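The next block holds one structure in the form of structure tokens; read it before the comments.
The values are calculated or read from the model by the stated rules, or taken from the named source; none is laboratory data. Model, not experiment: these values are computed from the prediction. Using ideal geometry, Cβ is built from the backbone for each residue, glycine included, and neighbour counts are taken over all protein chains shown. Keep in mind that these areas ignore ligands, DNA and RNA; they rest on the heavy atoms of the full protein, side chains included. Shrake-Rupley method; radii C 1.70, N 1.55, O 1.52, S 1.80 Å.
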There are 4 protein chains.
Amino acid sequence: MTAVLLVGEGREYLREPGETLETDLGVLDVPTDASAGDVLETHLGTEFEVRELRGPDLFNHFERTGAPMLPRDIGLLMGHTGVAAGDRVLDAGTGTGVLAAALGRAGASVVTYEQDSEFAAVARENMTLAGVEEETTGGSVDVRTGDVLDELGELDRRFDLLTLDTADAPAVVEHAPDLLVPGGFVAVYSPFVESMRETVETLDSVGMDADTYETIQREMDVDERGTRPSTAGVGHTGYLIFARK
Amino acid sequence: MTAVLLVGEGREYLREPGETLETDLGVLDVPTDASAGDVLETHLGTEFEVRELRGPDLFNHFERTGAPMLPRDIGLLMGHTGVAAGDRVLDAGTGTGVLAAALGRAGASVVTYEQDSEFAAVARENMTLAGVEEETTGGSVDVRTGDVLDELGELDRRFDLLTLDTADAPAVVEHAPDLLVPGGFVAVYSPFVESMRETVETLDSVGMDADTYETIQREMDVDERGTRPSTAGVGHTGYLIFARK
Amino acid sequence: MTAVLLVGEGREYLREPGETLETDLGVLDVPTDASAGDVLETHLGTEFEVRELRGPDLFNHFERTGAPMLPRDIGLLMGHTGVAAGDRVLDAGTGTGVLAAALGRAGASVVTYEQDSEFAAVARENMTLAGVEEETTGGSVDVRTGDVLDELGELDRRFDLLTLDTADAPAVVEHAPDLLVPGGFVAVYSPFVESMRETVETLDSVGMDADTYETIQREMDVDERGTRPSTAGVGHTGYLIFARK
Amino acid sequence: MTAVLLVGEGREYLREPGETLETDLGVLDVPTDASAGDVLETHLGTEFEVRELRGPDLFNHFERTGAPMLPRDIGLLMGHTGVAAGDRVLDAGTGTGVLAAALGRAGASVVTYEQDSEFAAVARENMTLAGVEEETTGGSVDVRTGDVLDELGELDRRFDLLTLDTADAPAVVEHAPDLLVPGGFVAVYSPFVESMRETVETLDSVGMDADTYETIQREMDVDERGTRPSTAGVGHTGYLIFARK
């Protein structure tokens with residue numbers, strides 16, 4: 001059962017229906033049929049509104065096993081590849097799982113590999129929170145513990161999209177032409193120039209032209225003094241590399 | 001029936017199964033059961049590979065009635081709102097329809113308003129190409145001719161997401177709190193500072209805090225001389241404004 | 001007499017020749033003939049090297065009466081206007097005086113107006129530190145207390161460059177054609193879009209076409225893991241507006 | 001004698017006093033005492049105004065032997081190093097000479113090396129146009145034909161600033177500590193990540209910490225529709241590396 005957000009007094013809590021919220025604002029049993037828009041009350045009378053989890057909530061509430069990919073980078077990856085409901089995605093490494101969850105929520109069937117078994121266990125719980133654990137209707141995310149390079153022989157090689165956020169990316173993309181359907185995409189997130197270049201060169205060596213993007217996103221300040229880009233800059237996250245079979 | 005791409009000799013053609021491709025490379029009847037990966041041959045012996053349409057293909061092959069939103073901006077909108085399969089989206093104005101199509105392909109049910117009836121007719125054909133015309137399974141896009149401001153009274157007011165790429169945005173967002181479910185998002189694409197500010201101020205006046213982003217995306221050049229950001233810059237597209245109920 | 005930097009033990013102190021440095025590292029009398037490269041010793045034996053003041057030192061050691069313009073913005077202003085030794089510059093408002101000092105050090109004769117008399121006094125001391133107080137050889141900076149708008153009638157109207165970092169900029173640029181030699185430049189630093197636009201429109205109304213620039217500067221991280229733009233972004237400072245008579 | 005600009009009918013011509021301008025607008029003898037603001041007339045009656053050459057004019061009117069450094073990058077170099085009148089600068093390679101000319105015009109004494117003797121001859125003529133040929137009062141630029149690496153032994157090693165726009169930069173910066181006064185700056189313009197990194201690592205190996213900057217500059221569009229960053233982006237030029245002795 002998908003978790004819901006309880007929002008009140010400027011706070012947010014994530015609970016599954018049937019669970020109990022205990023805070024200094026009182027105790028609240030979340031009904032098993034809680035649905036978005038319901039207003040619940042703690043035994044001390046504090047009101048919490050029930051909300052469905054949305055993408056940005058996953059970023060904020062997932063248990064983290066590393067720095068998760070930012071919503072903007074997940075979005076850019078979705079926009080440049082045009083990922084759609086029904087797509088089959090091969091992902092490595094899972095990490096916190098925000099990318100896999102976002103793709104699953106957009107209707108894709110995602111198989112994702114995480115080498116660290118503890119991280120994989122956390123990612124599985126995160127997929128349950130996101131409502132995309134295996135075997136639900138619509139999109140789904142199957143978190144597998146292991147190294148995708150060891151499993152390539154076992155995989156049905158008909159993926160629409162291969163997404164990589166791992167230091168192994170150059171070694172994996174060498175197999176991209178074998179893993180993808182015609183017209184399928186590779187998308188790689190790569191923080192450093194050197195690893196980015198190695199991935200681009202490997203893609204080139206297997207006949208796939210890469211387009212690599214760097215994105216600078218700034219918030220705009222709009223207040224009574226006027227309008228301007230934020231004086232607090234947003235720094236570099238990673239290069240996004242795209243190639244198509 | 002969803003159109004397919006025919007790719008060969010460095011060219012791409014979009015045809016529906018059952019149609020005929022006639023070019024200087026020969027004549028080719030596209031079988032009604034054509035599917036991705038099939039290799040077809042013209043009567044002159046030129047081979048074309050069949051590919052499924054993907055998001056970026058829509059951007060390239062849709063008939064245009066104006067400048068369509070770039071894949072990067074569509075992606076950023078999806079990433080920042082976390083749009084998911086099953087979401088209900090209200091969109092205005094449709095234009096070429098690339099945003100509505102992308103949301104529909106990610107499993108959302110989209111109602112989109114276009115004031116110009118000829119543009120709306122083109123957008124409907126584009127939705128057919130994208131496989132998201134009304135009443136298919138999964139996501140869908142219902143293109144309606146008209147001004148969304150005139151129709152607000154008629155709409156079931158339970159949208160997860162309100163997306164606006166129209167000069168009317170400030171007038172529409174005034175109704176955002178009535179149109180959205182709790183936790184639902186408004187996303188507005190706004191090319192100019194002045195219109196962006198008017199939208200942000202209107203959202204503020206109805207109790208919704210806005211975050212506004214500006215995005216600079218550059219391609220990286222990777223060649224034998226070295227690695228560097230492209231000397232051909234990518235210019236401004238629009239500000240993206242997000243607010244949550 | 002121009003101040004010198006005393007650099008040692010990872011610290012920097014600014015003193016004029018003849019002054020005494022007293023710190024926990026000991027007491028040091030700065031000889032009146034101290035010159036760059038000399039190594040001086042405190043009574044406790046700590047060595048300090050004498051350095052000439054350079055532009056970036058002014059930014060770090062000037063007494064501040066507000067946020068000084070960044071070295072990058074001063075440089076951009078110098079590069080876009082091509083300011084040269086012998087140029088006559090009219091500047092308002094002085095503030096901390098880093099721009100006026102940089103122009104004076106590049107050989108220009110600068111007259112600068114500061115409305116706040118305490119700020120003007122601080123700026124005068126900063127000019128002494130920079131070695132560009134009035135009547136030295138080479139460039140010089142004459143800090144005047146007052147509102148440049150009140151003084152326009154008194155000024156000899158043959159400036160090569162008019163530089164403005166003041167909320168009054170739109171009112172001042174209205175007089176730019178009267179103040180400048182043919183081919184002379186106006187340069188305005190403007191933090192907000194609205195004030196920038198007002199300046200650009202006023203320049204247009206007096207027959208001067210403006211070019212307005214926004215600059216994003218990022219540091220690159222180069223370490224053993226690889227090379228990448230800094231994850232700590234540098235935010236917006238101000239728009240730079242240039243127009244030529 | 002420094003050349004002047006003749007500006008009229010939307011055109012600009014560069015001539016030295018005493019020369020003749022012959023165009024379809026008529027013939028005009030430039031008086032030897034022509035000075036800024038004079039209005040001259042061709043034998044056909046077309047008026048030209050005399051203007052002093054300024055920095056941006058050098059960029060537009062110098063004979064080019066390669067892509068000259070942009071005014072913005074020259075300015076950033078001047079701002080980050082705080083170059084001042086009287087500074088001694090060692091520059092390589094000269095190229096078109098816009099950087100050397102700008103530094104000379106700001107009062108610096110510049111020695112610049114160009115390996116290609118034809119390029120060096122063009123640069124010398126450009127310095128004459130800019131009024132900074134050797135032995136004038138104020139700043140000056142001495143263009144020498146040769147490889148700076150071969151001449152290091154001959155140079156008086158007391159430079160305030162070492163500026164490099166050459167593929168040899170890593171080899172030259174190895175000698176930076178020997179060439180600079182205490183507190184003196186190295187500034188390197190480097191188009192590619194790989195060469196930039198090699199320069200940074202070499203500086204590190206000789207005990208000089210480098211700060212490397214990348215700059216994105218955009219023009220703002222201000223018209224009746226509104227205000228926005230230009231839709232025509234400005235691309236990458238080069239990384240700027242700064243280190244201080």
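Could you tell me whether the stretch B:24-32 includes any residue that is touching a residue at least 24 places away in the same chain (Cβ under 8 Å), under 26 Å from B:ALA121 (Cβ atoms) and in a loop (DSSP other than H, G, I, E, B)? Yes, the stretch B:24-32 contains at least one residue that is touching a residue at least 24 places away in the same chain (Cβ under 8 Å), under 26 Å from B:ALA121 (Cβ atoms) and in a loop (DSSP other than H, G, I, E, B).
Filtered by the rule that a residue be exposed (fewer than 12 other Cβ atoms within 10 Å of the Cβ) and within 29 Å of the chain's Cα centre (by Cα), the stretch D:23-33 gives D:THR32, D:ASP33. I'd like the residue in the stretch C:221-245 that is at pLDDT below 95 and of a type in the set (A, V, I, L, M, F, W, C) and, out of all such residues, is farthest from D:GLU201 (Cα to Cα). If we take residues in the stretch C:221-245 being at pLDDT below 95 and of a type in the set (A, V, I, L, M, F, W, C), then C:VAL234 is farthest from D:GLU201 (Cα to Cα).
Do you know which residues across the stretch B:153-190 are aliphatic (A, V, I, L, M) and assigned to a strand (DSSP E or B)? Give the derivation first.
Of the stretch B:153-190, the ones aliphatic (A, V, I, L, M) are B:155, B:161-162, B:164, B:167, B:169, B:171-173, B:176, B:179-181, B:186-188.
Hits for the stretch B:153-190 are B:LEU161, B:LEU162, B:LEU164, B:LEU180, B:VAL181, B:VAL186, B:ALA187, B:VAL188.
Sort out which residues of the stretch A:223-245 are part of a strand (DSSP E or B) and open to solvent by 30 Å² or more (accessible area, probe 1.4 Å), and write them in order of number. Of everything in the stretch A:223-245, those that are part of a strand (DSSP E or B) and open to solvent by 30 Å² or more (accessible area, probe 1.4 Å) turn out to be A:ASP223, A:ARG228, A:ALA232, A:VAL234, A:ARG244. Considering (1) within 9 Å of chain A (Cβ to nearest Cβ); (2) under 28 Å from A:TYR213 (Cβ atoms); (3) touching a Gly at 6+ places or on another chain (Cβ under 7 Å), the lone condition that B:GLY86 does not fulfil carries the number (2). The residue pairs whose first member lies in the stretch B:164-185 and is over 21 Å from B:GLU114 (Cβ atoms) and among the β-branched types (Val, Ile, Thr), whose second member is open to solvent by less than 40 Å² (accessible area, probe 1.4 Å) and outside any strand (DSSP E or B), and whose beta carbons are closer than 7 Å, counting only pairs six or more residues apart or on different chains, are B:VAL181/A:ALA36; B:VAL181/A:GLY37. Applying a threshold of 8 Å to beta carbon distances and a minimum spacing of six or more residues, or different chains, the list of pairs starting in the stretch A:56-74 at a residue that is within 12 Å of chain B (Cβ to nearest Cβ) and ending at one that is open to solvent by 50 Å² or more (accessible area, probe 1.4 Å) and of a type in the set (A, V, I, L, M, F, W, C) reads A:PHE59/A:LEU70. Can you tell me which residue in the stretch B:40-55 is nearest to the other protein chains (Cβ to nearest Cβ), limited to those that are assigned to a loop (DSSP other than H, G, I, E, B) and under 16 Å from A:ASP160 (Cα atoms)? So the residue we want is B:ARG54.
Condition check for B:ASP178 on (1) more than 20 Å from the chain's Cα centre (by Cα); (2) buried (at least 21 other Cβ atoms within 10 Å of the Cβ): one failure, at (2).
Considered as a group, the residues in the stretch D:40-66 that are among the aliphatic types (A, V, I, L, M) and at pLDDT 90 or above include one that is least open to solvent (accessible area, probe 1.4 Å), and that residue is D:VAL50.
So which residues in the stretch D:220-239 are of a type outside the set (Val, Ile, Thr) and at the interface with chain B (Cβ under 7 Å from one of its Cβ atoms), if there are any at all? Talk me through it step by step, then tell me what you get.
The first filter runs over the stretch D:220-239 and keeps only residues of a type outside the set (Val, Ile, Thr), leaving D:220-221, D:223-226, D:228-230, D:232-233, D:235-236, D:238-239.
Matches in the stretch D:220-239: D:ARG225, D:GLY226, D:ARG228, D:PRO229, D:SER230, D:ALA232, D:GLY233, D:GLY235, D:HIS236.
Residues of the stretch B:199-219 that are more than 9 Å from chain D (Cβ to nearest Cβ), aliphatic (A, V, I, L, M) and not in a loop (DSSP other than H, G, I, E, B): B:VAL200, B:LEU203, B:ALA210.
Within the span defined as the stretch A:86-97, every residue fails to be in the same structural domain as A:LEU155 (by TED's automatic domain parsing), open to solvent by less than 10 Å² (accessible area, probe 1.4 Å) and part of a helix (DSSP H, G or I).
Among the conditions (1) more than 9 Å from chain A (Cβ to nearest Cβ); (2) buried (at least 17 other Cβ atoms within 10 Å of the Cβ); (3) part of a helix (DSSP H, G or I); (4) not acidic (Asp, Glu), C:SER195 misses just one, which is (1). Among the candidates A:GLY37, A:GLY18, the residue that is at pLDDT below 95 and either part of a helix (DSSP H, G or I) or at the interface with another protein chain (Cβ under 9 Å from one of its Cβ atoms) (or both) is uniquely A:GLY37. Does the stretch D:121-139 include one or more residues that are at pLDDT 95 or above, surrounded by 24 or more Cβ atoms within 10 Å (Cβ to Cβ) and within 30 Å of C:ASP38 (Cβ to Cβ)? Looking through the stretch D:121-139, none of the residues is at pLDDT 95 or above, surrounded by 24 or more Cβ atoms within 10 Å (Cβ to Cβ) and within 30 Å of C:ASP38 (Cβ to Cβ).
Within the bounds of the stretch A:108-115, is there any residue that is within 21 Å of B:HIS80 (Cα to Cα), part of a loop (DSSP other than H, G, I, E, B) and in the same structural domain as A:THR199 (by TED's automatic domain parsing)? Don't jump to the end; show me each part of the working.
Kept after step one, since they are within 21 Å of B:HIS80 (Cα to Cα), are these residues of the stretch A:108-115: A:108, A:110.
Then drop every residue that is not part of a loop (DSSP other than H, G, I, E, B), which leaves A:108.
Among the residues that remain, those that are also in the same structural domain as A:THR199 (by TED's automatic domain parsing) are: A:108.
Within the stretch A:108-115 (the criterion being within 21 Å of B:HIS80 (Cα to Cα), part of a loop (DSSP other than H, G, I, E, B) and in the same structural domain as A:THR199 (by TED's automatic domain parsing)), the answer is yes, since at least one residue qualifies.
Taking the stretch B:4-22 as the range and being surrounded by fewer than 14 Cβ atoms within 10 Å (Cβ to Cβ) and not acidic (Asp, Glu) as the test, the residues that pass are B:GLY10, B:ARG11, B:GLY18, B:THR20. At pLDDT below 95 and either open to solvent by 60 Å² or more (accessible area, probe 1.4 Å) or closer than 14 Å to B:ASP91 by Cβ (or both), is that true of B:GLY153? It is true that B:GLY153 is at pLDDT below 95 and either open to solvent by 60 Å² or more (accessible area, probe 1.4 Å) or closer than 14 Å to B:ASP91 by Cβ (or both). Listed conditions (1) buried (at least 21 other Cβ atoms within 10 Å of the Cβ); (2) within 23 Å of the chain's Cα centre (by Cα) are all met by A:MET220, apart from (2).
Does the stretch B:139-151 contain any residue that is within 13 Å of chain A (Cβ to nearest Cβ) and not hydroxyl-bearing (Ser, Thr, Tyr)? Write out each step before concluding.
Going residue by residue through the stretch B:139-151, those that are within 13 Å of chain A (Cβ to nearest Cβ) are B:139-141.
Then drop every residue that is not not hydroxyl-bearing (Ser, Thr, Tyr), which leaves B:139, B:141.
So far as the stretch B:139-151 goes, yes, one or more of its residues are within 13 Å of chain A (Cβ to nearest Cβ) and not hydroxyl-bearing (Ser, Thr, Tyr).
Looking across the stretch B:1-15, the residues that are without any contact (Cβ under 8 Å) to a residue 40 or more places away in the chain and either among the charged types (D, E, K, R) or part of a strand (DSSP E or B) (or both) come down to B:GLU9, B:ARG11, B:TYR13, B:ARG15. The residues on offer are B:ALA101, B:ALA92, and the sole one that is within 14 Å of chain A (Cβ to nearest Cβ) and closer than 24 Å to A:ARG54 by Cβ is B:ALA101.
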